[in-house]
Every structure is written in structure tokens, then in C-alpha cells.
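See structure below.
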Amino acid sequence: MRREARIKAMQILYIVDFHKICVEEATSMVFEEEIDELAVELAKRCYARLEEIDELISTTLVNYTLDRLNLIDKAIIRLAVSEMLSDEPREVIINEALEITKQYSDLGDHKATSFNNRLLDNIHKKLK
């Protein structure tokens, strides 16, 4: 399932950012048994273009900075932007990112989902 791979990739990116380690080390922390190759590929693809992705996010944020984002939202957004740069359709990628936000970041007030939706929509418009 693609969503499960995205969730695992987000977890890898979160661990990379939190522990300041490489994708390979983070992968071993996420997977206890069988490794999801798609998740690892998504995380590696994102990490390989991290500077470009962070620049795109930073220039799209309004009255906010990348370092103010919580690590989970940052991982979700980075992963979505990485996919938006290489995959289609972008609307599906945004929807998946919002579903993951609801599951892992939103505290019930829908603020995280709304913020991520606005940011990803603005990035989508910028990439058109």
C-alpha cells in the first residue's frame, strides 16, 4: 500500500531530523522485520533533494520559517513536496499528506491539517 509506504517514509525522515542521522540508520530504527523498499526509496529520494525541497518550502511560507515547523509536519511536508517534484497527480499527493497529518499531527482542532493544506496548495500552485 502506497499510504503505508508514505507513513514509513515520513517516520524515517522524522528520525533523520530528530537524531541527525542518515537514512540508512533511521531505516533500521523504523523496520524491525521486513523492510518496505518503497518507503526507503521515498525517504532517500526526499533526502537527496532536501536542500531544494527546504528552499521551496521556505520561500512559500508566509510569516513563518521552516525551523518553526514541528518535526512531524516538516517530515510530512518534505515528503509531499519531494513527490510533487517527481510524481503526478499532485492533488492525490496533497490529499495523502493531509490524511497522514490528521493521523499523526493534528490534535483535533484541524489547525495542522489546515496549515499543511494551505502550504502544500501554495507549493502546488508555484510548481505549475
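The values are calculated or read from the model by the stated rules, or taken from the named source; none is laboratory data. The structure displayed is predicted, hence computed values, not measured ones. Heads up: the accessible areas ignore ligands, DNA and RNA and are worked out on the full protein's heavy atoms, side chains in. Shrake-Rupley method; radii C 1.70, N 1.55, O 1.52, S 1.80 Å.
Structure data summary
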quantity	calculated
Option label - Rg and Dmax of the Cα atoms in Å computed here, alternatives (i) 13.6, 43; (ii) 14.3, 41; (iii) 14.5, 47	(i)
Rounded percent of accessible protein surface that carbon and sulfur make up, segment 46-128, 1.4 Å probe	50
Highest-fluctuation residue, ASP67, ASP36, ASP17 considered, GNM on the chain with Cα pairs under 10 Å	ASP67
Gaussian network model of the chain, Cα within-10 Å springs - most flexible of GLU32, GLU52, GLU99	GLU32
Within a Gaussian network of the chain (alpha carbon springs, distance under 10 Å), most fluctuating of ALA48, ALA39, ALA112	ALA48
Reachable lysines, given that their alpha-carbon falls under 26 Å from the alpha-carbon of LYS125 and they are not under 8 places away in the same chain	LYS44, LYS74, LYS102, LYS111
Per-residue HN-Hα couplings for segment 59-72 [Karplus 6.51, -1.76, 1.60; θ = phi - 60°; Hz; x = Gly/Pro]	6, 9, 5, 10, 6, 7, 10, 4, 5, 7, 5, 5, 5, 5
Whole-Hz couplings from phi, Karplus 6.51/-1.76/1.60, listed for segment 17-25; x for Gly and Pro	5, 5, 9, 6, 10, 7, 4, 4, 5
Ranking by accessible area, most exposed first, for ILE12, ILE35, ILE72 with a 1.4 Å probe	ILE35, ILE72, ILE12
Inter-part distance where segment 15-48 and segment 58-106 are each reduced to a Cα centre, Å	17
Sequence of PHE18, PHE31, PHE115 from largest to smallest accessible area, 1.4 Å probe	PHE18, PHE115, PHE31
